[in-house]
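For reference, the structure discussed in these notes is given below.
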Amino acid sequence: MTHSHSPRCLTSFTQIDIMKPNTAELCALMTKCLTMDKLPISNRSQVTKILSKYSTTSPLTSSIDVNELVSDMRVLGSGLLGIMNSKSNRSSQELRKKSRCVIGKHVLISMGKYGILWIGPSSVIGSDADVHITDHISSKHLISNSPLSQNQIINTSGAGDSFCAGLIHHLLSPAAASKDDGSNMKKAIIAGMTFAEKSLTSVSAIAK
Amino acid sequence: MIFAAKCGIRVFATGGIGGVHRGAEITMDISADLKELSQTPVTVVCSGVKSILDIAKTLEVLEYQGVPVYGYQTKSFPAFFTNTSGCQSPLVATTSLEIARAMICQDDLNGLNGQGMLVGVPNPSPGDTLHIEEAIQQALIEAHADGIHGNTVTPYVLARVKELTGGRSLEANISLVKNNAAVAADIAMDYAPLARAAHEERMREKKKSNPHFVSTATATAASSSSSSPSSTSFSTSSVQTPSPVSPPPPISSQSVVVFGGAVVDQMMTPLPSQPLLLHTSNPGNISWSYGGVGRNIAEGLAQLGSFIPFLVTAIGSDANGLNLLSDCRLKGINTSFITQSTSSHHTTAVYSAVHDEAGDLVVAIASMDIFHQIMNSELLKKQLQLQNILKSSFCEMVVMDGNISVDLFSAVSAVCAQNDLPIFFEPTSVPKCIVPILANCLHHV
């Protein structure tokens, strides 16, 4: 079987600007993409190998070292971002004019207690990047400065949704929208993590 | 109405309004309500005028005074205790959002008059309606015989009708007032974000035409944050005092539209230290909460308070649906685009989970069919409706979760592309996360 160097475009997929899968969802998404022949051939073998590692157990419940987990998720996440970026009919500049809040496309992988792995345009992540994956894509691993201890966590339900709300709230805030640099996304992720932590220490899914 | 307008309250609920009395061509007995409607910018939600009045003449007076009169989901002009008066409503509105938009149009035209919103009697019993009408006619005859006239007629007739109907007229009155208040609340919820957006737009326009213009909110903030007179420069004449019609917006006009699930979560656990026994009944605790990824995100956004999020989801007309809808409203979520099925076959989504004594999940059932049955078919009937949702909500970002169907995802993403709106996707779960991949196969874009 031969694979095209310019795979068929996932049109609806490429309309997504920000995706926030957890590690298990990322594996499921990439498995589906793999079976539908949507990945650039350069990534295929590496992605296949990583997915087989997590085929029987969820990434977060596996006994794999956190650095290895982050590295694996970076490969899968950058593959997903590559698909989201393929044949987008909107330039980031056009999008920015309209929304004033999102520059480029981003994959935010939630890794539970290991924080958020942010994969996005190098121009946005800038000097904060941990790894420059390609010329245009970088990643940054963000983890809480003061992580919650197990006995501080009351309820995990709704934490991911709270993260989304905190992130979007920050992105659309007038202060964030007026700025031209890419620092907003990092601040938005931190705002999301802060609101998620509030949810974890609250009885209700969404913290009051 | 006067005090409501003075306080900036734009929607007012009541039972019925006064009107033109029969024989007014001789007595000139016309209620001051009609005059007030023509000069006070408040939308009055009511069940029409009582049948003791001359409804046709009442409508004539409202028309020449320029008061728009809408029937809410009805063409018939209600007459307080009955939904049919023989007269037609001049205008018909099918949703509260339509009325909210009409109010915005009035604001744009600097309209100083109010508008009447006529809501039918909820679930009228034909027997009760007839009985009450007969009582009204008898009370009118008695009033005439007793020499009652002028502004003492209405209280006399209402008291007599209450006696003659054994209190049923009072029950009907209470029921319709409650219903009118619910409709008024819907209109107010829909009007608030639109008014804020319109206000901000007017401020932007004024600022554009006069660079020294500072809105009252900005001016107040500037003056409180700095005592230096040179820090803010503007001409006094350009600073407007807050109008009761359009108070300065405390929050942004922009919004997020969330397409996703709204679910009633039911958690069941056996009593502490009691092992869970299968195939039998276990004494335990059952707790309820509201969830669904889309609803949770909308609640979080509302909680953070910078704007009102719009939730697009589907619920049943069961108790779960009504409670969920009410909870969304209480939490500050705009529910204008929540579809409520009228069919008993469509039940509100419920996630029921049984946990063992250690708190681990034993089994769960997720009943989520309504999202695919209702939300999609209703929204996909007209792609235009999606456009309207995004435009009327002043949407800045669209959020979708994995609960929505492949069809809907595809249609929404197409509309977002046309309108250059960014999309945030929350995959929701492993089985649901592939919705965007499957949507690709539909070639909507």
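The values are calculated or read from the model by the stated rules, or taken from the named source; none is laboratory data. What you are looking at is a predicted structure, and each value in this text was computed from that prediction instead of being measured. Every residue, glycine as well, gets a Cβ built from its backbone with ideal geometry; the counts of neighbours run over all protein chains shown. Side chains included, ligands, DNA and RNA excluded: accessible areas come from the protein's heavy atoms. Shrake-Rupley method; radii C 1.70, N 1.55, O 1.52, S 1.80 Å.
A few points about this structure:
- When residues of region B:96-142 are limited to those that are modelled with pLDDT of 80 or more and among the β-branched types (Val, Ile, Thr), the one farthest from residue B:163 (Cα to Cα): B:104
- Cβ separations smaller than 8 Å between residues 6+ apart or across chains give the following pairs from region A:47-68 residues that are touching a residue at least 12 places away in the same chain (Cβ under 8 Å) and part of a helix (DSSP H, G or I) to residues that are loosely packed, with under 15 Cβ neighbours inside 10 Å and not polar (S, T, N, Q): A:60/A:112.
- Looking only at region B:65-79, and only at residues there that are under 12 Å from residue B:37 (Cα atoms) and not in a strand (DSSP E or B), the one that is least open to solvent (accessible area, probe 1.4 Å): B:67
- For region A:21-44, filtered to residues that are open to solvent by 10 Å² or more (accessible area, probe 1.4 Å) and in a loop (DSSP other than H, G, I, E, B), the residue that is modelled with the lowest pLDDT is A:40.
- Across region A:153-162, not a single residue is classified as more than 14 Å from chain B (Cβ to nearest Cβ), among the polar types (S, T, N, Q), in contact (Cβ under 8 Å) with a residue 12 or more places away in the chain and assigned to a helix (DSSP H, G or I).
- Residue that is farthest from residue B:432 (Cα to Cα) [pool: residues in region B:297-324 that are at the interface with chain A (Cβ under 8 Å from one of its Cβ atoms) and open to solvent by 10 Å² or more (accessible area, probe 1.4 Å)]: B:306
- Residues that are over 16 Å from residue A:66 (Cβ atoms), more than 15 Å from the chain's Cα centre (by Cα) and not β-branched (Val, Ile, Thr) within region A:137-161 comprise A:145, A:146, A:148, A:149, A:150, A:151, A:152, A:155, A:157, A:158, A:159, listed in sequence order.
- Residue in region B:166-194 that is modelled with the lowest pLDDT, counting only those that are open to solvent by less than 10 Å² (accessible area, probe 1.4 Å) and farther than 30 Å from residue B:307 by Cβ: B:169
- Once region B:325-359 is narrowed to residues that are under 16 Å from residue B:292 (Cα atoms) and either touching a Lys or Arg at 6+ places or on another chain (Cβ under 8 Å) or among the β-branched types (Val, Ile, Thr) (or both), the residue that is most open to solvent (accessible area, probe 1.4 Å) is B:347.
- Breaking point among (1) farther than 23 Å from residue B:97 by Cα; (2) hydrophobic (A, V, I, L, M, F, W, C); (3) open to solvent by 10 Å² or more (accessible area, probe 1.4 Å), for residue B:20: (3)
- Residue in region B:392-403 that is modelled with pLDDT under 90, polar (S, T, N, Q) and either in a strand (DSSP E or B) or on the phi < 0 side of the Ramachandran plot (or both) present: yes
- Selected residue (only one of A:117, A:108 is within 22 Å of residue A:29 (Cβ to Cβ), modelled with pLDDT of 80 or more and more than 14 Å from chain B (Cβ to nearest Cβ)): A:117
Listed here are the residues, each with its yes/no results for (1) in a strand (DSSP E or B); (2) of a type in the set (Val, Ile, Thr).
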position	(1), (2)
B:290	yes, no
B:298	no, no
B:317	no, no
B:337	no, no
B:374	no, yes
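- If you go through region B:31-59 and keep only what is in contact (Cβ under 8 Å) with a residue 40 or more places away in the chain and in a helix (DSSP H, G or I), you end up with B:36, B:37, B:38, B:39.
- Exclusive hit being out of contact with any helix residue (DSSP H, G or I) (no Cβ under 8 Å at 6 or more places or on another chain), of a type in the set (Gly, Ala, Ser) and not in a helix (DSSP H, G or I), set A:127, A:138, A:146: A:146
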